[in-house]
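To start, the structure itself, in structure tokens.
The values are calculated or read from the model by the stated rules, or taken from the named source; none is laboratory data. Please read these numbers as outputs of a predicted model, since none were measured by experiment. Using ideal geometry, Cβ is built from the backbone for each residue, glycine included, and neighbour counts are taken over all protein chains shown. Just the protein is used for accessible areas: all its heavy atoms, side chains included, with ligands, DNA and RNA removed. Shrake-Rupley method; radii C 1.70, N 1.55, O 1.52, S 1.80 Å.
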Amino acid sequence: MTSTKQFHTTNLTWLAHALSLDHGLTPQTANQPSELDPTTLDPSLADFQAAAVTRALTLIHHFGGAILADGVGLGKTRMGLAIARSTLQNTTSPDRCIYLCIPARLRSHWQRTALAAGWQIPSQLQCITHTELSRTNPALNALIHSHRPALILVDEAHHFRNPQSQRSQNLARLAAHAPILLLTATPICNSIWDLYHLLSLFLAEHDLRAHIGMNLRDAFTHAQQGTFDLTELAKILVIRRRIAPETTHFGHYPSVQLKILNYDAPPDERWIWQNLATEINRLSLTLLHDDWPRQLFQEFILKRWESGCDALAETLRTLTEYHRRWLEAHTTGCTLSRPHFHKLFPDAASHHQSVFPFLYEKPHSTSSSPPNNPESIPTIKSDLHILQNLLHRTQKLTHAHAGANTAITSLLDQPSAPDSNPKLLIFTGYQHAAEGIYRTICTHLGTHARAGLVTGRTARATGLGKTNAHDIIRRFAPRAAGEPDMPRHHQLDILVCTDCLSEGIDLQDCNRLVLADLPYTPLRVEQRIGRLMRPSSTNREVTVYLPRPNDWNDSLGLRRRLHTKLGHAQNAGTNFEYAAVLQSTNTPEIPKNATPHIEPLAALTTLDQLAARLISRTSAPSPSDFPPNPVFYRNATAIPGFRQPLPQLWLRAVLENGPHPIWLWCKVDAAAHIEMRTTALVKDLITLADFQCEIIPGPPDPDMLQAATRALHTRLHHIQAARLAPMPLGPETPQQKIWQQLGAWIHQTPTLPESCNPDQLRQRLLQPFPRGTERNLAELLDQNLAPEHLFHRINQLQLTPLPQKMNLRIVLGLQLNPSA
């Protein structure tokens, strides 16, 4: 009898063989183009990074784009530049360059990294910020027409998930001229449709019909209904790893611990927590109704208060002064619009300044003008009274540096060991809140303060005055910035910042983070904590502090809203693991119409980690090493943890279709219930891999095998039907135009090359291709090659037609039976 350990090894081998066929590190959607030389990759890349670069190059060549969705700290910047370098070196036009679309605040970071890697800016790398893409920019139009890029590299691509935004529409115009690589750790923020809109930047609706049997939008619609597994689509186009494989020694990730920073709120703060929402509801918004819908206005005010009393006080000052000045103008027979108010009073704090009456506007008859009739005066005065009362209470808190700011400073008074990490990072959502926290810290520490402040408008530090953000970042995190030997007296121990530093910045020298406010989205929480969660961190644990008064009961509903959005995101597969630390012990409410298995990216990540772990412990064969007949195993030991009762039959099958095999899982139980969605099976795969069970060769149950085979054949017929009804080719497609040239050449040339078979050439050429392949064909047309040279280049592109007839082959099977 074989030992249990040997049985476990057999189990691991079986599962590793199955997973190795399509785990995330293996290109499976297209042959590697011959013109892409792997030796051009950055030699300093780790193996898992080089594998992602190679696969991304394949996807870009075939589909015209790819999504690199690795987790934070895995080196997406370096991988993106390596992909861009290889693409640029293999382009046929010497004047091509790379368009780099990045957040404005990351421009200097990317430029420094690119210059260190030997890039020439701007001749090789043209930087376009997200802000520039958000405008109607004539210079951008000129850039598009004068310079066709070899690749568009987009960092923080989740900002383009809204197709109605100006930035997304401008990026789509750019993507029509070049392939695109999207970098984002969070391609799904709110729903699976975020991923759809990102894919639509480079995919046509029909591009995946041959692989999944339906158009792109249909796939997401069926996924939302629970009848299609998006993991099947994500495996084709998305590269997704949450952590580096253990064998790479890429570094460890710290654990995350949440600590509520409780404090006793002063009376005015307690009153605001309890009454702010009610007071805002009492406002008539008579002067603001055209600019501020009530719900939007209320959410804005609550977010300002959540960010801190300084942020709320600044807003209340502006609103109070506007109402006071409007009433003053009314006494002169004039009216004061909000645009005119901001023009006259750019700083609301200057409310003691007098203004001559003739500077006010005369009454307008337009409907957008504020009401200027006697009936509205009492209502406006009532609004002014409410705003003044709120402002008075808020200003008392700001002058006393009380409330959450005091709780934050209490962290600075905690005694620390000589070798402990003294650094503290503080995030808040608004500039005025950050400035208020910074002032409180400087007042509290006096001349001993070593603090910095970075917002979207300013950067300054104690002892330095006004400076730039890069200088403050390197002083706060010198090791992460490549300056580990910076003298201690040159460093900063405290950094207060807004979300301008929540993306693309390495701050892992620090292991304490304060969330001075609670963001509305789990994405923002993930980005903030992710600044410290880098694989090269020397910290074993990151502590996240959330200041809250002792008697706070979430009267504003902000925490519940975050939990609801976190539930939406987890249901879509984003798996915000850092944001999850903010959850209470209660599970967030999931929408009633949500489908429980729509977790494509989470499943893709888990499969990749599981495959990497198993394959490192076993020797997995290539698909060609499998025998033509299926290999079946049986298990006679009950496996605890499975979500469905035994017995079960698990099958690993392949739909053979030339160079693009489609691998499928299928599970069937004794009641003939079929499950083929990876998202619904991945947890059982983990249980199967971790449990030591006896597996021996043996035949499967014939009824279950028949039911599973029938389900697999149904899937086969679905994809095959899509191939038999391809999308029609328009007369302006590049393959049609090329065939017109080659057809005339074949007709007029008496002696054709031996490799030229007109029927085979027509079959290979006249078929729907993904946008990437069509773009390659269009570039050949633009070169005006002679027909014989054009034919030669077409052969180099390896345009192998997908076979309309597909074969189903069951490779492996595992029968799970209850113990006797």
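Just a few scattered comments:
- Residue in the stretch 628-649 that is hydroxyl-bearing (Ser, Thr, Tyr), at pLDDT 65 or above, open to solvent by 10 Å² or more (accessible area, probe 1.4 Å) and not in a loop (DSSP other than H, G, I, E, B) present: yes
Yes/no matrix, rows are residues, columns are (1) under 35 Å from the mean Cα position of the chain (by Cα); (2) open to solvent by 20 Å² or more (accessible area, probe 1.4 Å); (3) of a type outside the set (Phe, Trp, Tyr); (4) modelled with pLDDT under 85:
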{"site": "Ala313", "(1), (2), (3), (4)": "yes, no, yes, no"}
{"site": "Leu319", "(1), (2), (3), (4)": "no, no, yes, no"}
{"site": "Ala329", "(1), (2), (3), (4)": "no, no, yes, yes"}
{"site": "Gly333", "(1), (2), (3), (4)": "no, yes, yes, yes"}
{"site": "Pro346", "(1), (2), (3), (4)": "no, yes, yes, yes"}
{"site": "Val355", "(1), (2), (3), (4)": "no, yes, yes, yes"}
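- Qualifying residue in the stretch 756-777 (condition: over 45 Å from the mean Cα position of the chain (by Cα), at pLDDT below 85 and among the polar types (S, T, N, Q)): yes
- Residue match in the stretch 127-146 (condition: modelled with pLDDT of 85 or more, in contact with a Cys (Cβ under 9 Å, 6 or more places away or on another chain) and β-branched (Val, Ile, Thr)): yes
Residues are listed down the side, and each one gets a yes or a no for (1) among the acidic types (Asp, Glu); (2) farther than 25 Å from Gln767 by Cα; (3) in contact with a Gly (Cβ under 8 Å, 6 or more places away or on another chain):
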site	(1), (2), (3)
Ala176	no, no, no
Leu182	no, yes, yes
Ser200	no, no, no
Asp218	yes, no, no
Gln225	no, yes, no
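- Candidates in the stretch 765-794 are the residues that are open to solvent by 50 Å² or more (accessible area, probe 1.4 Å) and touching a residue at least 24 places away in the same chain (Cβ under 8 Å); of these, the one that is nearest to Gln735 (Cα to Cα) is Leu766.
- Those strands (runs of 3 or more DSSP E) lying entirely in the stretch 402-495 with at least 2 residues of a type outside the set (Ser, Thr, Tyr) and within 18 Å of Arg531 (Cα to Cα): 424-427, 451-454
- Evaluation of Asn571 against (1) surrounded by fewer than 19 Cβ atoms within 10 Å (Cβ to Cβ); (2) modelled with pLDDT under 60; (3) closer than 19 Å to Arg242 by Cβ (one fails), failing number: (1)
- In the set (1) among the charged types (D, E, K, R); (2) in contact (Cβ under 8 Å) with a residue 40 or more places away in the chain; (3) touching a His at 6+ places or on another chain (Cβ under 8 Å), the condition left unmet by Arg475 is number (2).
- Matching residues in the stretch 55-75 - criterion: being open to solvent by 10 Å² or more (accessible area, probe 1.4 Å) and at pLDDT below 90: His61, His62, Val72, Gly73, Gly75
- Taking each residue of the stretch 435-450 that is farther than 21 Å from Asp471 by Cβ and looking for partners that are assigned to a helix (DSSP H, G or I) and of a type in the set (Asp, Glu) with beta-carbon atoms closer than 7 Å, six or more apart or interchain, yields Gly436/Asp310.
- Looking only at residues in the stretch 102-138 that are β-branched (Val, Ile, Thr) and in a helix (DSSP H, G or I), the one that is farthest from Leu88 (Cα to Cα) is Thr131.
- Among the candidates Ile236, Ile180, Ile212, residue that is open to solvent by 10 Å² or more (accessible area, probe 1.4 Å) and of a type in the set (A, V, I, L, M): Ile236
- Exactly one residue among Val496, Val454, Val525, Val514 is open to solvent by less than 10 Å² (accessible area, probe 1.4 Å) and more than 24 Å from Gln257 (Cβ to Cβ), and that residue is Val454.
- Unmet criterion (only one of (1) at pLDDT below 85; (2) over 27 Å from Leu546 (Cα atoms)) for Val256: (2)
- Yes/no for Arg439 being open to solvent by 30 Å² or more (accessible area, probe 1.4 Å) and over 28 Å from the mean Cα position of the chain (by Cα): yes
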